[in-house]
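The values are calculated or read from the model by the stated rules, or taken from the named source; none is laboratory data. Predicted model only: the values in this text are computed from it and were never measured. Cβ placement follows ideal geometry from the backbone for every residue including glycine, while neighbour counts extend to all protein chains displayed.
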């Protein structure tokens, strides 16, 4: 468990530009809520959704696919069905991303293996917002069992 915690903490500390594949422009959707939280904690979020390509979502230009993004992407956060992940993983590898993150309920082992073989960190079935709140955001201060035991408070990532 502690190796897992240190790995998640490292991924979230080192990867500051997140492409959110499947980001919705609807404020009530989980992808929007998670992306907005990450923006508010100092991350740059780049929306990826063909439905909104060329439009602004959370103040950032939305792209149809990962290969359309002109800027460097560190982490690819996937809000898509499990069956849709492999082509996304292949694009993440092609653009030089450093991590592939599959959201809660998304578990494509083949895509995760392909990402790892290409040198990317790979996370499955976890929410980037929940993990950030658990490891950096003070979730434990409101009584949630974060399963992180330490005599020190984690260093908060500067905004």
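Being touching a residue at least 12 places away in the same chain (Cβ under 8 Å) and farther than 16 Å from residue 100 by Cα is the filter here, so list the residues in segment 14-33 that pass it.
Selection gives 24, 25, 30, 32, 33.
Residue-wise test of (1) in contact with a strand residue (DSSP E or B) (Cβ under 9 Å, 6 or more places away or on another chain); (2) closer than 17 Å to residue 126 by Cβ; (3) surrounded by 15 or more Cβ atoms within 10 Å (Cβ to Cβ); (4) modelled with pLDDT of 95 or more.
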position: 11; (1), (2), (3), (4): yes, yes, yes, yes
position: 14; (1), (2), (3), (4): yes, yes, no, yes
position: 21; (1), (2), (3), (4): yes, yes, yes, yes
position: 24; (1), (2), (3), (4): yes, no, yes, yes
position: 32; (1), (2), (3), (4): yes, no, yes, yes
position: 38; (1), (2), (3), (4): yes, yes, yes, yes
position: 47; (1), (2), (3), (4): yes, no, yes, yes
